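Have a look at the structure below, then the notes.
What follows is calculated from the coordinates using simple rules that are stated; it is not laboratory data. These figures come from a predicted structure and were not determined experimentally. Counting neighbours? That spans all protein chains shown, and the Cβs are built from the backbone with ideal geometry, glycine included.
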Amino acid sequence: MKTDRIDPAELDAYDAWVAEHLDEMVRLHPGKVIAVYQGKLVAVADSYREVFDAVKARGILAEPFTMRVPTADEANAVFPSVFPSGGA
């Protein structure tokens, strides 16, 4: 029986990827939209539409994990001890 739910193991893998790479993404791609597929960053763009177009152009048929990367100031508001304010 097919469901529209994401496998919990897949969600755990996304969580782990974000935990491992968030600081790098904030430094390299603040405010951008990213796509991750099979544990790899596969697209970076200004909008979700551009990211999905880039993923499709790479021949990836499955829907990737996507998110907007926070800026350093946004990340600092949530994790003040981890991210320095002022975008530094």
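For the reader, a short list of remarks on this structure follows.
- Restricted to Cα atoms, the chain shows a radius of gyration and a Dmax of 14.2, 50 angstrom.
- Local net charge near Val69, Cβ-Cβ under 13 Å (Lys/Arg +1, Asp/Glu -1): -2
- Positive dipole terminus of the chain, leading residue within Pro8, Leu41, Ser81 (C-beta point charges): Leu41
- Charged-residue dipole, Cβ positions (Lys, Arg, Asp, Glu), the chain about Cα centre, Debye nearest 20: 280 debye
- Most fluctuating residue given options Ala75, Ala16, Ala43, as computed from a GNM of the chain linking Cα atoms under 10 Å: Ala16
- Crossing angle, helix 8-28 versus the chain [Cα axis fit, 0-90 degrees, rounded to tens]: 40 degrees
- In segment 23-62, Cα pairs under 8 Å separated by at least six residues give a relative contact order of 29 percent.
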